[in-house]
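Derivation of every value follows stated rules applied to the coordinates shown; laboratory data play no part. Owing to the predicted nature of the structure, the values given are computational and were not obtained by experimental measurement. Reconstructed Cβ throughout: ideal geometry from the backbone, glycine too, with neighbour counts over all protein chains shown.
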Amino acid sequence: MASIEAKIDELFSKDAELSRLYELISSVDGVGKCIAAQVIVDTNGFKNIKEGKAYACYSGVAPFEHSSGSSVGSRSRVSHRANKRSKTIFHLAAICAIRMAGDLKTYYERKVAEGKNKMSVMGSMRNKLILRVFACVRNNRCYQKNYVHALA
């Protein structure tokens, strides 16, 4: 594992744009080197997939409604054609975020206390992590835990 991370660091240090993207992505809680590398590869450096919602669909995190013929009113499901590796790494990032003290841990505990299914909450946490990563890249700023809006 250490040799893989060393090679990732070596690749990112050679290219300024990759280094910048890596710094922005890894600033999100629960997101590390391997996840940042996977997101950069999947999105081709954020050239092919530029929106968080599109990447959530690509990685199988965003649920879709089933409403066709007799299946009207059935529950929403995620696509089985998704990139399973991306979904897996964001699941691991969500688990890591639950173990760390922070707003995602608080969110998880609150939703489970409300009676939500744990895996359903994990799915929404995966989606939150993806949207945070793309927001950091879109705004070209590192993730800030206690962000204060300028208009407030």
(message) Using only the alpha-carbon atoms, what does the stretch 1-51 span along each of its principal axes? Please give whole angstrom values in decreasing order.
(response) 31, 24, 16
(message) For 141, 132, which order do you get if you count the other beta carbons within 10 Å of each Cβ and list the fewest first?
(response) 141, 132
(request) Considering only 101, 93, 82, give the residue with the highest GNM mean-square fluctuation for the chain, with springs between Cα atoms whenever their separation is below 10 Å. (result) 101
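In what sequence do 110, 75, 126 fall when counting other Cβ within 10 Å, fewest first? Present the calculation step by step, with values, prior to reporting the outcome.
Details: 110 11, 75 8, 126 26.
Listed from fewest to most nearby Cβ atoms, that is 75, 110, 126.
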(message) Exceeding 24 Å between C-alpha atoms, which entries from my cross-link table qualify? They are 14/47; 33/128; 87/111; 111/145; 14/87.
(response) 14/87
(message) As a test of the formula, what do you get for the chain when each DSSP H run with n ≥ 4 contributes -39,500 (n - 2.57) and the sum is divided by the residue count, at 222 nm and rounded to the nearest 500 deg cm²/dmol?
(response) -18500 deg cm²/dmol
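With a cut-off of 8 Å between alpha carbons and a minimum separation of six or more residues, what is the relative contact order of the stretch 1-136 in percent? Mind showing how you got there, number by number?
Details: 135 pairs, mean separation 33.8, N = 136.
Once divided by the residue count of the stretch 1-136, the mean separation gives 25 percent.
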(message) What does the charge count around residue 33 come to, taking other residues whose C-beta lies under 12 Å from its C-beta (Lys +1, Arg +1, Asp -1, Glu -1)?
(response) -3
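Arrange the following residues from fewest to most other Cβ atoms within 10 Å of their Cβ: 59, 86, 124. Before the final figure, lay out each step's value.
Numbers: 59 27, 86 23, 124 16.
Sorted ascending by nearby Cβ count, the order is 124, 86, 59.
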(request) Find out how many positive minus negative residues lie around residue 7, taking Lys and Arg as positive, Asp and Glu as negative, among other residues whose Cβ is under 15 Å from that of residue 7. (result) -2
(request) Please find the FRET efficiency linking residue 54 to residue 23, where r is the Cβ-Cβ separation and R0 is fixed at 25 Å, and quote it to the nearest 0.05. (result) 0.65
(request) Compute the acute angle (0 to 90°) between the alpha-carbon long axis of helix 103-113 and the principal axis of greatest extent of the alpha-carbon atoms of the chain; round to the nearest 10°. (result) 20 degrees
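Kirkwood hydrodynamic radius of the stretch 88-141 from all distinct Cα pairs, in Å?
Numbers: mean 1/r = 0.0870 Å⁻¹.
By the Kirkwood definition, the hydrodynamic radius is 11.5 Å.
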(request) Could you state the angle between the C-alpha long axis of helix 2-14 and the longest principal axis of the C-alpha atoms of the chain, as a value from 0 to 90 degrees rounded to the nearest 10? (result) 70 degrees
(message) At q = 0.09, 0.17 Å⁻¹, what log₁₀ I(q)/I(0) does the chain have when each alpha carbon counts as one equal point scatterer in the Debye sum?
(response) -0.32, -1.04
